[in-house]
Each structure stands twice: as C-alpha cells, then as structure tokens.
Amino acid sequence: MSTPKIHLTSNWLFSLGCLTILSLFLALRLYRLPQSLLFFNDMGRDFLELYEWQTTGLPPLLGPQTSVISFNQSAVYFYLLYPFYRLTGASDLASVYALLTTAVVVFFIGVIYAFNHPLERRRFLVTAFILVIHPLVVTQNRFIWNPSFVPYFLTAALFVYPRLLHPRPPRGLIHWYAALVTLAVSFNYSALPVVLASVLYGCWIWRRSAGKILGWLAAYVLLWNLPTLLFEIRHQFALSYLFLIGQRTGLVSQSALTKLSALFTYLGAAPSLAVWLIGVLLLVCIFFTWRFPAASPVRTYLVLLIIALVITILLPVAVEAHYLFGFISLLSLLIANLPLPVAAVITLVLALTWLRPPLFTGYFKPVVRTLADLNRCYQTFCATHQQPLYVSMQSGLLPYHNAPEHRYFMLKAGCQALNIAQHQDQAQTMVVVADDSTYEHGQTAYHELTLFGPSREVEVFTCQDNLRLHLLEKL
C-alpha cells in the first residue's frame with residue numbers, strides 16, 4: 001500500500017517544482033518589463049517587417065539578415081511572431097508574448113514527457129531551472145530577437161538525444177530531434193556548432209540508421225527554409241550569389257585562448273564564482289568521465305560539448321554572447337545528469353550567484369526612454385508632420401544610424417517614415433533622432449546624412465531631454 005502513496009507524493013513534488021519554475025520564469029521575464037525594455041535596433045527591424053506584412057498583406061520570404069555573412073535566416077521566425085502581432089493589436093510586446101508562449105508550450109510538453117518517464121523528472125527540473133535563471137537567457141528573453149528562441153528549441157531536442165543513440169531509436173523522437181535542431185539553426189546560425197556536434201556524434205553511433213536520420217534532418221531544413229528557396233528561385237539565386245561574393249565583416253581571426261576566455265565568461269555570465277565553478281565542473285567531468293558508462297547521458301553531453309567547442313574554435317567567427325545558447329543548453333543538461341548530490345550543489349551555487357543583486361535587480365532597471373515615451377513622442381509629432389520623411393538617428397545607445405525602431409514607431413503613429421538606404425528621391429525632409437545623444441547640424445556626419453545631401457535645419461521637436469527630433473530640409 002505504500003508504493004501508490006510514495007508515487008502520489010512524487011507527483012505532487014514534481015508538480016510543485018514545475019509550478020515554482022514556471023512562476024520564476026514569468027516573473028524574471030515580465031516584471032517591470034514596460035519600464036525596463038530598451039526597444040531598439042533588432043526589435044525595430046522585426047517590428048518593421050511585421051508592420052509591412054500587416055499593411056501589404058504579403059508575408060516576407062526572408063528572415064533577418066546575419067551579421068557574419070551575406071545571407072538571411074529563415075522567414076519562419078517572422079511567421080511565428082506575426083500571429084501574436086495581430087492578436088495583440090500590434091502590441092509593442094508582441095514578440096515577448098510569442099517567446100513566452102513558445103517557451104511555456106515546450107515546457108509543458110516536457111512536463112508531460114517527464115510524467116510518463118518518472119526517472120527523467122529530476123533531470124527535467126534541473127535543466128529547466130538553470131535555463132530559467134541563466135542571466136544570458138533572462139536578458140535575451142526580455143529583449144526579443146531571433147536568437148531568443150534558440151535555447152528552448154535546442155534544449156528540448158537535446159533532452160531526448162541520449163535515447164536516440166539506442167540501436168533502434170523511437171521514430172517519434174527522431175522527428176522531434178530533427179525538427180527542433182533544424183528549427184534552431186533556421187532561427188539563428190549560432191546554433192550550428194552544437195547541432196553539428198550532435199549530428200557528427202550521432203552518425204558515428206547510428207551507423208546503419210544514420211542515412212535515414214540525415215534524410216529527415218535534410219527534409220526539415222528544406223521545410224523551414226522553403227520561403228528562402230522560393231525567394232532564390234524568383235530572384236535567380238541572388239542570395240546565394242551574394243553569399244559567395246558578399247561581405248565577410250563577421251569573419252575574423254580570433255585565437256583559441258580568446259574564444260575560450262569569452263565562452264567561459266559568457267557561460268558564467270561574468271560573476272567570477274560562476275565562471276570558476278563551470279570551469280572546474282567541466283574539468284572534473286572530463287577527468288572522471290571513465291566512471292560513467294559509455295552510453296550514459298553525462299558522457300554523451302560531455303562529448304557533444306567538446307566537439308562543439310572544437311568546431312567553435314575552428315570557425316573564423318568571434319565568440320559573442322548570443323552565440324552561446326547551444327552551450328548553455330548542453331551545460332544545463334550536463335549538470336542535470338550528474339549524480340544528484342553534485343547536481344544539487346552546483347545548481348544551488350549557480351542560483352545564489354545569478355539571483356543576487358546587482359545582477360538580479362539589473363533586469364528591472366528603468367531605461368533612458370520607455371515604450372510609453374516613444375509612443376507619446378511620435379503620436380504628438382506625427383499629428384502635425386504628415387509629409388514624407390526620411391529617418392536617421394544619432395544615438396548614444398549604439399553606433400548605427402538607420403533607426404529602425406524610430407521608423408517603426410513613426411509609421412505606427414501615422415508618419416510617412418522612409419528608409420533613405422532604399423530610395424533617395426521620395427522626400428525632401430529628414431528627421432534626425434537625437435536618441436540619448438546630441439546632433440549638431442553641419443558638425444554631425446554619417447552615411448545617411450551624406451545620402452540626403454546638403455540641408456538646413458528647420459525645426460527641433462523636443463520629446464524629452466534625451467529624445468529630440470531635428471527636422472532637416474533639402475537645399
């Protein structure tokens with residue numbers, strides 16, 4: 001009679017753990033978000049695309065352009081965001097709601113899986129908890145762009161990966177893995193080292209069944225990138241041509257030591273205690289790996305981590321913070337599969353490190369201009385400025401001048417905001433947004449001003465002390 005009682009208690013404890021993790025997840029990502037979200041650059045780029053889709057009724061065929069090579073991610077990213085943009089009435093937080101919904105759906109699928117596989121429950125809870133509190137993931141979930149979705153797709157796929165290494169992997173798990181890892185890469189190519197590591201190691205283990213699994217991987221790659229293929233066919237493979245001869249600004253030579261230093265710093269999210277803990281953890285795992293059976297998840301995730309690390313070092317790409325989500329997924333899974341006392345101590349230390357001030361409270365700090373500030377500014381400005389306007393900016397927040405965020409808010413408020421990089425003969429006026437910076441006519445210079453040509457300043461519209469609109473008119 002005791003077994004059912006223990007089983008019931010286990011279910012209640014697991015349910016309580018899931019509820020706690022879900023509550024913490026939502027709190028870390030939504031608390032004071034309207035006051036702490038600095039809406040700029042990539043979010044502006046995405047919302048411009050969603051606004052154009054809503055206005056024209058034509059879905060995009062290309063996703064966000066990459067900064068490393070002349071190529072685009074899959075448009076499936078915008079296809080995921082767009083329903084939330086429409087359902088929320090073009091809310092400025094639509095992409096946040098899309099991310100949260102995606103993560104919660106993946107989480108509940110994991111809950112169902114863990115209920116049906118009781119031995120996986122502890123691993124599931126530890127993995128989910130680390131993903132919920134990791135500073136890079138939290139930050140990326142409060143400012144949404146295409147890499148934000150990567151850790152959830154990858155972790156969900158890699159969670160079942162050890163079961164795929166069995167002689168006869170379940171067909172359903174093959175599709176789950178293939179669909180999610182290819183979707184992660186389609187959202188952001190930074191997932192490629194970890195995905196490639198899983199494919200290479202898998203092919204060595206799968207042997208005879210490797211061809212079938214590779215076939216499904218190829219099929220899902222084609223599925224997620226079908227809009228890109230349609231674009232290529234329509235435009236005589238212009239994107240592929242640009243990829244072959246285009247810019248390579250993101251391809252840089254960086255030493256292995258520099259990459260390792262950046263990787264461990266980002267994985268530990270800067271606090272030295274976490275950095276050292278992760279470093280010691282990996283060294284101990286490597287040293288004691290012989291204690292784990294060859295087919296154990298610990299060995300599997302450690303091998304994937306090492307292969308992905310080698311690939312990252314060999315690639316001619318600098319290590320950036322948002323490239324590390326695949327490693328965060330692997331690290332979470334590795335910790336979760338360690339013996340319970342070890343996993344518990346490591347998780348506790350990471351929690352005490354990542355959830356302490358000022359790192360914890362830093363998520364909620366007010367920004368220099370809020371969403372309400374931007375909406376109020378452009379609703380007032382656009383009520384009296386209806387002529388076609390080019391828009392550029394002089395920013396103290398980032399070094400770019402194309403101002404996609406300001407164009408979006410101006411369009412939403414009724415302005416005829418234009419991008420001068422696309423056409424130079426559609427307006428006689430330019431708005432220069434001084435965004436937490438200063439603009440001095442005749443002294444400030446950048447590419448968009450050069451495209452506009454000689455001009456005179458006819459008005460300065462002050463929204464607030466750190467947000468001014470300088471209206472220029474062509475001579």
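The values are calculated or read from the model by the stated rules, or taken from the named source; none is laboratory data. If you're wondering where the values come from, they're calculated on a predicted model, not measured in any experiment. Positions of Cβ are backbone-derived with ideal geometry, glycine not excepted, and every protein chain shown enters the neighbour counts. Heads up: the accessible areas ignore ligands, DNA and RNA and are worked out on the full protein's heavy atoms, side chains in. Shrake-Rupley method; radii C 1.70, N 1.55, O 1.52, S 1.80 Å.
Quick check: residue separation of E457 and T20 times 0.36 nm, minus the Cα distance between them. What number comes out in nm?
Details: separation 437, 0.36 × 437 = 157.32 nm, distance 5.60 nm.
Working it through step by step, the gained length comes to 151.7 nm.
Probe radius 1.4 Å, ligands and nucleic acids ignored: give me the carbon and sulfur share of the accessible area of the chain as a rounded percent.
Numbers: 14730 of 22020 Å².
Summing carbon and sulfur atoms, their accessible area is 67 percent of the total for the chain.
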Length gained, E320-Y79, 0.36 nm per residue minus C-alpha separation, equals 84.2 nm
Measuring from its Cα centre, region 1-145 shows a charge dipole (+1 at each Lys and Arg Cβ, -1 at each Asp and Glu Cβ) which, in debye to the nearest 20, is 620 debye
For 93-100, 119-126, ranked highest to lowest by mean beta-carbon neighbours within 10 Å, the order is 93-100, 119-126
Between the alpha carbon centres of region 74-89 and region 297-342 the gap in Å comes to 30 Å
Only helices counted: for the chain, with every DSSP H run of 4 or more residues adding -39500 (n - 2.57) and the sum spread over all residues, [θ] at 222 nm is -19000 deg cm²/dmol
E440 and T384 label points (each 7 Å along its Cα→Cβ direction) are spaced in nm at 2.7 nm
With +1 at each Lys and Arg Cβ and -1 at each Asp and Glu Cβ, the charge dipole magnitude of region 132-269 around its Cα centre, to the nearest 20 debye, comes out at 400 debye
Between W216 and A256, the two model label points (7 Å from Cα along the beta-carbon direction) sit apart by a distance in nm of 3.5 nm
Karplus ³J(HN,Hα) for region 180-187 (6.51 cos²θ - 1.76 cosθ + 1.60, θ = phi - 60°; Hz, whole; x = Gly/Pro) runs 7, 5, 6, 5, 4, 5, 5, 6
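With r defined as the distance between the Cβ atoms of R234 and I109 and R0 fixed at 35 Å, what FRET efficiency is calculated, to the nearest 0.05? Show your work: numbers first, answer last.
Numbers: r = 36 Å, r/R0 = 1.03.
Rounded to the nearest 0.05, the efficiency is 0.45.
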Given Cβ charges of +1 for Lys and Arg and -1 for Asp and Glu, the option among T370, L267, C415 whose Cα lies farthest towards the positive end of the dipole of the chain is L267
Expressed as a whole-number percentage, the relative contact order of the chain with C-alpha contacts under 8 angstrom and at least six residues apart is 18 percent
Computed for the chain: size of charge dipole around the Cα centre, +1 on C-beta of each Lys and Arg, -1 on C-beta of each Asp and Glu, debye to nearest 20, value 2160 debye
If unit charges are put on Cβ atoms (+1 for Lys and Arg, -1 for Asp and Glu) and the dipole of region 385-455 is taken about its Cα centre, the option from A445, A434, P404 lying farthest towards the positive end turns out to be P404
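Assuming 0.36 nm per residue, please report the length gained on full extension of the stretch T361 to E52 beyond their Cα-Cα distance. Don't skip to the answer; put the middle values down first.
Working: separation 309, 0.36 × 309 = 111.24 nm, distance 3.62 nm.
Once the chain is fully extended between T361 and E52, it gains 107.6 nm.
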Using the Kirkwood formula on alpha carbons, the hydrodynamic radius of region 360-475 in angstrom works out to 14.4 Å
For percent of Cα pairs over 38 Å apart the list reads (i) 36; (ii) 31; (iii) 23; the calculated value is entry (ii)
With the convex hull built on the alpha-carbon atoms of region 84-140, volume per residue in Å³ sits at 62 Å³
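For the chain, report the accessible area per residue in Å² (1.4 Å probe, heavy atoms, rounded to an integer).
Working: 22020 Å² over 475 residues.
It amounts to 46 Å² per residue over the chain.
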